[in-house]
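Take a look at the structure set out below.
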Amino acid sequence: MNLSKVSGKFGLAAIAMLVSSCALADESGWYVGANVGQSKAAIDDSRITNGLLSDGFTATSIKDEDRDLGYKIFGGYQFNKNFALEGGYFDLGKFSFMATTQPPGTLSGDIRLRGLNLDVVGSLPITDKFSVFARLGANYAEASDSFAGTGSVNVLNSAPSKFETNPKVGLGLEYAFSDTLAMRAEVERYRINDAVGNRGDINLVTVGLVYRFGSKPQALTPRAAAPIPVEVAPAPLVQAVVPAPVAAPAPLPPVKVSFSADSLFDFNKANINPAGHLALDKFSSDLKDVNYDVIKVTGHTDRIGSHAYNLKLSTRRAEAVSTYLVTSAGIPAEKINAVGVDGADPVTQPGDCKGTRVNKELIRCLQPDRRVDIEVIGTK
């Protein structure tokens with residue numbers, strides 16, 4: 001039996017499905033991950049039947065194995081919260097069929113699919129934990145076919161193989177457990193050419209984990225230890241002496257110091273840079289002569305970006321400054337209150353920075369809005 005006439009026996013087709021997702025990390029950087037799940041192909045039984053019929057055989061039954069275990073290992077670089085470039089290795093598994101013929105005989109075939117891919121990944125944060133993403137890319141796959149005949153069926157080329165580049169697409173959902181670890185659920189469609197000229201799609205539905213490098217867990221603000229009760233012996237009875245009245249210390253008007261976020265942090269980040277350390281050290285040294293009651297740290301962002309994303313970034317920056325003042329300047333943790341307020345209290349006025357398109361000019365114009373305010377309330 002000529003293998004070119006058997007080529008129609010192996011057609012591959014697909015199913016698609018959509019789920020959404022990323023609490024994408026706030027910062028750019030490298031990441032790696034792995035997914036595992038089920039792959040599915042549609043084996044074209046009608047082409048197998050027609051191919052056999054053209055060679056004088058009648059297919060009395062066909063048994064398909066169209067599902068298998070599939071997996072992928074990948075790595076990528078996140079340029080910002082909306083865009084990444086990702087590449088990796090995939091194995092879609094093995095699919096097969098067996099046809100029983102008249103005159104008596106059998107024809108069996110299988111295909112193994114694996115290769116490399118390179119994708120552009122676009123993400124859209126929905127909350128501070130969830131984001132949806134879509135991918136568009138190319139796969140370079142090896143299709144390894146194997147055919148065998150028994151009885152009256154004869155196969156000339158039993159093990160053809162082929163390498164070819166084809167497109168792939170995907171959709172998914174990501175949930176971030178922390179800044180470094182996230183879980184993904186996604187569905188992908190790979191266009192594949194097998195070694196005997198058939199074209200089709202393979203669907204891969206998987207779940208997996210993503211690890212992001214460079215993100216640091218937020219430091220926890222230390223809490224003051226509860227005082228240990230001490231038993232005090234009763235004082236002897238003495239005649240009470242009324243002390244002369246002492247004037248209460250005059251209240252100190254609230255003092256607010258505003259630090260430009262660009263002087264404390266790199267753009268779109270929440271880790272204090274070396275210049276920020278120097279500025280906060282100078283501020284804490286000026287507090288030595290102040291009997292303060294409370295210090296309020298408020299983080300602000302500009303209006304660029306989503307509310308949920310900016311609220312998270314402003315809160316992380318306020319907490320980073322609060323943690324630094326506690327751990328490096330010795331300020332009691334119970335006297336510091338850190339909050340983030342998104343871009344709800346801008347310094348710039350309406351009309352100062354025109355336009356909605358994000359570019360260098362708009363980012364520069366909105367620089368005064370990106371700040372951290374520290375308000376000190378106490379007495380001298």
Here the percent of antiparallel bridges among DSSP beta bridges lying wholly in region 251-379, to the nearest 5, is 80 percent
Non-local residues with an amide H under 5 Å from the amide H of Gln38, with H modelled 1.01 Å from N and Pro and chain starts lacking one, are Gly70, Val205
With label points set 7 Å from each Cα along the Cα-to-Cβ direction at Ser258 and Leu69, the distance between them in nm comes to 6.0 nm
Scalar couplings 3J(HN,Hα) for region 115-129 by Karplus 6.51 cos²θ - 1.76 cosθ + 1.60 (θ = phi - 60°), nearest whole Hz, x for Gly and Pro, are x, 10, 9, 9, 10, 8, 10, x, 10, 9, x, 9, 10, 6, 10
Excluding residues fewer than 8 positions from Lys129 in its own chain, the aspartates and glutamates with Cα under 12 Å of it are Asp26, Glu174, Asp179
Out of Tyr324, His277, Ala308 - ranked by how far each Cα lies towards the positive end of the dipole of region 251-379, with unit charges on the beta-carbon of charged residues - the top one is Ala308
For Leu92, the net charge from surrounding residues (Cβ-Cβ under 10 Å; K, R +1; D, E -1) works out to +2
The simple spin-label model distance between Tyr89 and Asp110, using points 7 Å out along Cα→Cβ, in nm, is 2.1 nm
Subtracting the Cα-Cα distance of Thr127 and Ser61 from 0.36 nm times their residue separation yields 18.5 nm
Zone reached by a paramagnetic label modelled 7 Å from Leu209 Cα along Cα→Cβ, restricted to region 164-181 with backbone N below 19 Å, covers 173-181
The base-10 log of I(q)/I(0) that the Debye equation returns for region 119-185 at q = 0.14, 0.17, 0.22 Å⁻¹, one scatterer per C-alpha, is -0.63, -0.74, -0.93
Computed ³J(HN,Hα) along region 137-149: with the Karplus parameters 6.51/-1.76/1.60, θ = phi - 60°, integer Hz and x for glycine or proline, the list is x, 10, 10, 10, 10, 9, 9, 9, 8, 8, 10, 8, x
Taking every other residue with Cβ under 9 Å from the Cβ of Asp68 and scoring Lys and Arg +1, Asp and Glu -1, one gets +1
Any trypsin sites (Lys or Arg not before Pro) in region 255-353 that lie in a DSSP loop and have at most 13 other Cβ atoms within 10 Å would be Lys288
Projected area averaged over all directions for the convex hull of the alpha carbon atoms of region 257-339, nm², comes out at 5.3 nm²
Taking a ≥ b ≥ c as the square roots of the eigenvalues of the Cα gyration tensor, with a/c under 1.5 meaning rounded and otherwise prolate when a/b exceeds b/c and oblate if not, region 3-212 is prolate
Here the net charge surrounding Arg112, from other residues whose Cβ is less than 13 Å away from its Cβ (Lys, Arg +1; Asp, Glu -1), is -4
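Any read-out appearing in this document is the output of simple, stated calculations on the displayed coordinates, not a laboratory observation. A quick note: this is a predicted structure, and the numbers were derived from the prediction, not measured. Note that we place each Cβ from the backbone using ideal geometry, even for glycine, and neighbour counts take in every protein chain shown.
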